[in-house]
Amino acid sequence: MSSMDCSFKYRRLMEVDFRSILVFIAFVETGSLYSASLILGCSPSSVSIHLKRVRHYFDEPLFIREGRNLESTEYAVNLSQQLKEFFTTFDTFFAKGNVNL
């Protein structure tokens, strides 16, 4: 892989707001802005702001408005599961005492 290919991927990843991705996962799991905010220790409006950011990363719709509720699409549920697996592995790697460099 050339250094140009590698630096492009790093730059793209530097633009991803991983905090917003984690908020997305929590929202899909709980199905509620309020419940996700309690888990994450932030306000429901903060959760909403993060979800708006995540929508811009993907071409597929993530949510459908059902009255006052926001429902996750099947795509969002599958995506959330894949991202949760990734972050679980990432967290395990960096857990205290588990990094052997």
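Quick check: at a probe of 1.4 Å, how many percent of the accessible area of the chain sits on carbon and sulfur atoms? Its accessible area is 56 percent carbon and sulfur atoms. Once you divide the Cα radius of gyration of the chain by 2.2 N^0.38 Å, the number left is 1.23.
Taking Cα atoms, how many degrees apart are the long axis of helix 74-94 and the longest axis of the chain, rounded to 10 and kept between 0 and 90? The angle comes out near 40 degrees.
Near the amide H of LEU62, within less than 5 Å, lie no amide hydrogens of residues on another chain or at least 5 residues away, with H placed in the peptide plane.
For the chain, what is the calculated [θ] at 222 nm in deg cm²/dmol (nearest 500), taking -39500 (n - 2.57) for each run of four or more DSSP H residues and dividing by its residue count? For the chain, the value works out to -21000 deg cm²/dmol.
Considering only alpha-carbon pairs that sit under 8 angstrom and 6 or more positions apart, the relative contact order computed for the chain is 22 percent. Residue-wise HN-Hα couplings along the range 9-25, as the Karplus relation 6.51 cos²θ - 1.76 cosθ + 1.60 with θ = phi - 60° gives them from phi, are 5, 5, 4, 4, 5, 5, 7, 7, 8, 5, 4, 5, 5, 5, 5, 4, 4 Hz; Gly and Pro carry x. In the context of the full set of protein chains, the chain has a per residue accessible area of 76 Å² (1.4 Å probe). Between VAL77 and THR89, the modelled label-to-label distance comes to 2.4 nm, taking each label 7 Å out from Cα in the direction of the beta carbon.
The values are calculated or read from the model by the stated rules, or taken from the named source; none is laboratory data. Please read these numbers as outputs of a predicted model, since none were measured by experiment. Using ideal geometry, Cβ is built from the backbone for each residue, glycine included, and neighbour counts are taken over all protein chains shown. Ligands, DNA and RNA are stripped out before the accessible areas are found, and what is left, the full protein with its side chains, is counted by its heavy atoms. Shrake-Rupley method; radii C 1.70, N 1.55, O 1.52, S 1.80 Å.
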